[in-house]
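Colleague: To start, I am sharing the structure in question, which I have written as structure tokens.
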Amino acid sequence: MSAEVSDQARVQRLEPPSGPVRMVLDTDTYNETDDQFALVHALLSPERLQVEAIYAAPFHNSRSTGPGHGMELSYQEILRLLGELQLPAEVPVERGSTDYLSGAGPGDSAAVRDLVARAMASPAEDPLYVVAIGAATNVASALLLEPEIAGRVVLVWLGGHALHWPDTAEFNLRQDVAAARVLLDCGAPLVLLPCLGVVSHLHTSVPEIERHVAPAGGIGRLLAQRFMEACASAAGGSKAIWDMAAVGYLIDPEWVPTQLVSSPVLTDQLTWQLDGDRHQIRCATYVHRDRVFAKLAEHTRQ
């Protein structure tokens, strides 16, 4: 698949946003704890982000019996979070793919169809930001089903590791390698937020969550509970909440410095191969951790 996006148009759309943006969030919300924080961060930032829809992404680890079960658990977790925020009727939530991409082609789901429809309704001068913080199955399926949407969206994907890292076998990427390749190869404007070596700076601790998040009503208690569950065996009681970086970039791009690079090639060994002749993407190089968490603390105080 090749998107009909000129180099000039792609670079123009990859300029960090200077004002409010329209976005959808694709999330494997029940996977651990960072997706919940990212979702709340987005919904409590209406001055910068208009969240038009939320999609449940598949995942498979010890918390699910398979990717479809993980998607359903994530769907229910999204509804739970919206209920605590008292927003259940305001933001559409759609179930996503029940399996990863395969030779059978793109998955069909309510999330994929909704993404295609919203993207096709978006003018090129006002692209829809598609923020993906899980396996990229839903987003890649939409791009494969309707390649024209590549000219109407900006993809923001948290996946893989830093371009200098010895491997890129990160959870989101390795679950659906085919979907990751679609995002990297299709030519759509892409902002890549690598995990280890970049957004892994977004660490927080049990005392910080207890002080700044847990007291903030039902949503604060739920977020704190999910964090404690994930941190039960973590040395020192700290953990990376890196999915917040994708939302943080759109709230204020200065929080997540980026640079234009050639889109890397994802090898069969799950390493990056850097080829300067490919189309450009924007890649995060650092995260100002305190600025991102200060915004979350501001939300919880309110």
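Colleague: Among the residues of region 42-75, write down those that are buried (at least 24 other Cβ atoms within 10 Å of the Cβ), in contact with a Lys or Arg (Cβ under 7 Å, 6 or more places away or on another chain) and under 28 Å from His212 (Cα atoms).
Modeller: Ala56
Colleague: Among the residues of region 264-281, is there at least one that is closer than 16 Å to Ile133 by Cβ, in contact with a strand residue (DSSP E or B) (Cβ under 6 Å, 6 or more places away or on another chain), assigned to a loop (DSSP other than H, G, I, E, B) and in contact (Cβ under 8 Å) with a residue 12 or more places away in the chain?
Modeller: Quick first cut of region 264-281, residues closer than 16 Å to Ile133 by Cβ only: none.
Checked region 264-281: no residue is closer than 16 Å to Ile133 by Cβ, in contact with a strand residue (DSSP E or B) (Cβ under 6 Å, 6 or more places away or on another chain), assigned to a loop (DSSP other than H, G, I, E, B) and in contact (Cβ under 8 Å) with a residue 12 or more places away in the chain.
Colleague: Name every residue in region 119-140 that is more than 24 Å from Ala245 (Cα to Cα) and touching a residue at least 12 places away in the same chain (Cβ under 8 Å), in order of residue number.
Modeller: Met120, Ser122, Pro123, Ala124
Colleague: Among the residues of region 168-206 satisfying the criterion of being surrounded by 22 or more Cβ atoms within 10 Å (Cβ to Cβ) and among the hydroxyl-bearing types (Ser, Thr, Tyr), which is farthest from Ala245 (Cα to Cα)?
Modeller: Thr168
Colleague: Hey, Asp243 hits all of (1) within 21 Å of Val139 (Cα to Cα); (2) modelled with pLDDT of 95 or more; (3) acidic (Asp, Glu) but one; which does it fall short on?
Modeller: For Asp243, the failing item is (2).
Colleague: Going through region 93-117 one residue at a time, which ones are surrounded by 19 or more Cβ atoms within 10 Å (Cβ to Cβ) and assigned to a helix (DSSP H, G or I)?
Modeller: The answer is Ala111, Val112, Asp114, Leu115.
Colleague: Another question, if that's okay. Suppose we filter region 207-217 for residues that are within 15 Å of Gln86 (Cα to Cα) and either buried (at least 18 other Cβ atoms within 10 Å of the Cβ) or within 24 Å of the chain's Cα centre (by Cα) (or both); how many remain? Please lay out each step first, then the result.
Modeller: Looking only at region 207-217, we keep the residues that are within 15 Å of Gln86 (Cα to Cα), and these are 216-217.
Those left that are additionally either buried (at least 18 other Cβ atoms within 10 Å of the Cβ) or within 24 Å of the chain's Cα centre (by Cα) (or both): 216.
Residues in region 207-217 being within 15 Å of Gln86 (Cα to Cα) and either buried (at least 18 other Cβ atoms within 10 Å of the Cβ) or within 24 Å of the chain's Cα centre (by Cα) (or both): 1 in total.
Colleague: Further question on the same structure: Can you pull out every residue in region 1-50 that is of a type in the set (D, E, K, R) and in contact (Cβ under 8 Å) with a residue 60 or more places away in the chain?
Modeller: Glu4, Asp7, Arg10, Arg13, Arg22, Asp26, Asp28, Glu32, Asp34, Asp35, Arg48
Colleague: Kindly indicate the residue of region 189-222 that is outside any helix (DSSP H, G or I) and of a type in the set (Val, Ile, Thr) and also modelled with the lowest pLDDT among those meeting that condition.
Modeller: Looking at the filtered set, the residue picked out is Val213.
Colleague: Ok, one more. Would you please list the contacts, defined by Cβ atoms under 6 Å and residues six or more apart or on different chains, that run from a residue in region 217-238 that is farther than 17 Å from Tyr30 by Cβ to a residue that is modelled with pLDDT of 75 or more and among the hydroxyl-bearing types (Ser, Thr, Tyr)?
Modeller: That search, which allows pairs on different chains as well, returns Gly237/Ser205; Ser238/Ser205.
Colleague: Same structure again: Quick check on my filter: what residues within region 223-233 are assigned to a helix (DSSP H, G or I) and either over 21 Å from Gly248 (Cα atoms) or out of contact with any strand residue (DSSP E or B) (no Cβ under 9 Å at 6 or more places or on another chain) (or both)?
Modeller: Selection gives Leu223, Ala224, Gln225, Arg226, Met228, Glu229, Ala230, Cys231.
Colleague: Here is a list of conditions, (1) under 15 Å from the mean Cα position of the chain (by Cα); (2) closer than 15 Å to Ile54 by Cα, and Ala110 meets all of them except one; can you say which number that is?
Modeller: Tallying (1) under 15 Å from the mean Cα position of the chain (by Cα); (2) closer than 15 Å to Ile54 by Cα, Ala110 fails exactly one: (1).
Colleague: For region 93-127, how many residues are farther than 25 Å from Val21 by Cα, at pLDDT 95 or above and among the charged types (D, E, K, R)?
Modeller: Total meeting the criteria: 1.
Colleague: Suppose we filter Leu184, Leu163 for residues that are at pLDDT 95 or above, in contact with a Cys (Cβ under 8 Å, 6 or more places away or on another chain) and either assigned to a loop (DSSP other than H, G, I, E, B) or of a type in the set (A, V, I, L, M, F, W, C) (or both); which single one remains?
Modeller: Leu163
The values are calculated or read from the model by the stated rules, or taken from the named source; none is laboratory data. These numbers were taken from a predicted model, which means no experiment stands behind them. In this analysis, Cβ positions are derived from the backbone assuming ideal geometry, glycine residues included, and neighbour counts consider all displayed protein chains.
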